[in-house]
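In what follows, a single structure is set out as structure tokens and then discussed.
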Amino acid sequence: MERPPLFDDELRLSYAKYYFIDPDPLALQAIREPMDEADVLPPNRISEMLAPGYQDVMMGYHIKEGMSYSSFYARLPGVTTEMLDWWFCWMVLRPPTVDPSHDNLRYKIWNPAVHFDQAPADEETRQRLCDESIPMRLRRQETTLRIREKLVVSDPDYKEMVAHATPQGALSLPQSAWDYAAAAGTLTVAASDHSIMLQFFRRTSYGSECIISTWRGWVLGEDGQPRRAEGFPTPTVKHVRDDLLHNLVEMPHLAKFLPRLYAEEGDKPIGAY
């Protein structure tokens, strides 16, 4: 896989070696056909994603006027949910021994061909991510991140974006869904002015599994219920498929190195070198 070269100060870091692991070539196969509308999980049935078992279709997409739905699934052998809670905080913090203009090697190793930078957008976020009094799985809530990446390798330029982590309480769900999510794994809720995404990592006998559902053209109302995003343009097939392809590359790739990385770095201060 082609990837941008690293700077000398990045190459000196112990975890630079993970930048040179190639992803599974089978993960580069994009999903070609949309799922049937009958297999779409509507936003008013989000709680079904947080229940034992599986939906009939766990991988695919469907597009309608002004909205889309996509579902992603991956097995992560050897990866525990504790590792994932640590990873999603650790990889946001730029290595302090690297020139800031070289951006974030920790984020680059996750998807070397398209990731470049992710960092706290403000000092409050940085302090929260490092605050040992907050459980690791809760540190990402109410944070703001700045991200620089491509959606796919063929994109000509990196895209700058801001990500706001939504408190789980902003989503109205039955208590049984929250109880199951807390007992079975770790959940992230992300909502913007045009989409709702749930990222659920569930414990398994072999490690964990990743389940992601994204509803574009929908927003969370003040009551925590999904609402249509008025005036949202219909997503293109290319954008929705590229987003799935991005996950198809980076999630199985994460399982290749996270257990070893966590063993080496997990007991160190999260902001260390």
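Screening Glu124 against (1) surrounded by fewer than 20 Cβ atoms within 10 Å (Cβ to Cβ); (2) touching a strand residue (DSSP E or B) at 6+ places or on another chain (Cβ under 8 Å) leaves a single unmet condition, (2). Within the range 132-145, residues that are outside any strand (DSSP E or B) have Cβ atoms under 7 Å from residues that are buried (at least 16 other Cβ atoms within 10 Å of the Cβ) and of a type in the set (Phe, Trp, Tyr) in these pairs: Met136/Trp86; Arg140/Phe88, counting only partners at least 6 apart in sequence or on another chain. Residue pairs whose Cβ atoms lie under 9 Å apart, separated by 6 or more positions or on different chains, with the first residue in the range 194-208 and over 14 Å from Ala182 (Cβ atoms) and the second open to solvent by 60 Å² or more (accessible area, probe 1.4 Å) and in a strand (DSSP E or B), are Thr204/Arg75; Thr204/Pro77; Tyr206/Arg75; Tyr206/Pro77; Gly207/Arg75; Gly207/Pro77; Ser208/Arg75; Ser208/Pro77. When Leu50, Leu41, Leu6 are checked against the criterion of being more than 26 Å from Tyr206 (Cβ to Cβ) and either open to solvent by 70 Å² or more (accessible area, probe 1.4 Å) or in contact (Cβ under 8 Å) with a residue 40 or more places away in the chain (or both), a single residue qualifies: Leu6.
Do the conditions hold for Glu33, that is, is it of a type in the set (Asp, Glu) and closer than 22 Å to Glu149 by Cα? In short, no.
Residues that are closer than 21 Å to Arg75 by Cα number at least 3 in the following strands (runs of 3 or more DSSP E) confined to the range 166-257: 185-191, 195-204, 207-216.
Within the range 54-112, the residues that satisfy the criterion of being under 17 Å from the mean Cα position of the chain (by Cα), charged (D, E, K, R) and buried (at least 19 other Cβ atoms within 10 Å of the Cβ) are Asp85, Arg106, Lys108. Filtered by the rule that a residue be farther than 28 Å from Leu248 by Cβ, in a helix (DSSP H, G or I) and not hydroxyl-bearing (Ser, Thr, Tyr), the range 103-125 gives Glu123, Glu124. For the range 125-171, the candidate set comprises residues that are closer than 18 Å to Pro95 by Cα and among the acidic types (Asp, Glu); within that set, the residue that is nearest to the chain's Cα centre (by Cα) is Glu149.
Scanning the range 146-155 for residues that are in a loop (DSSP other than H, G, I, E, B), β-branched (Val, Ile, Thr) and open to solvent by less than 50 Å² (accessible area, probe 1.4 Å) returns a single hit, Val152.
The values are calculated or read from the model by the stated rules, or taken from the named source; none is laboratory data. These figures come from a predicted structure and were not determined experimentally. Methodologically, a virtual Cβ is constructed for each residue, glycine included, from the backbone with ideal geometry; neighbour enumeration extends over all protein chains shown. Ligands, DNA and RNA are excluded from the accessible area calculation, which covers all protein heavy atoms including side chains. Shrake-Rupley method; radii C 1.70, N 1.55, O 1.52, S 1.80 Å.
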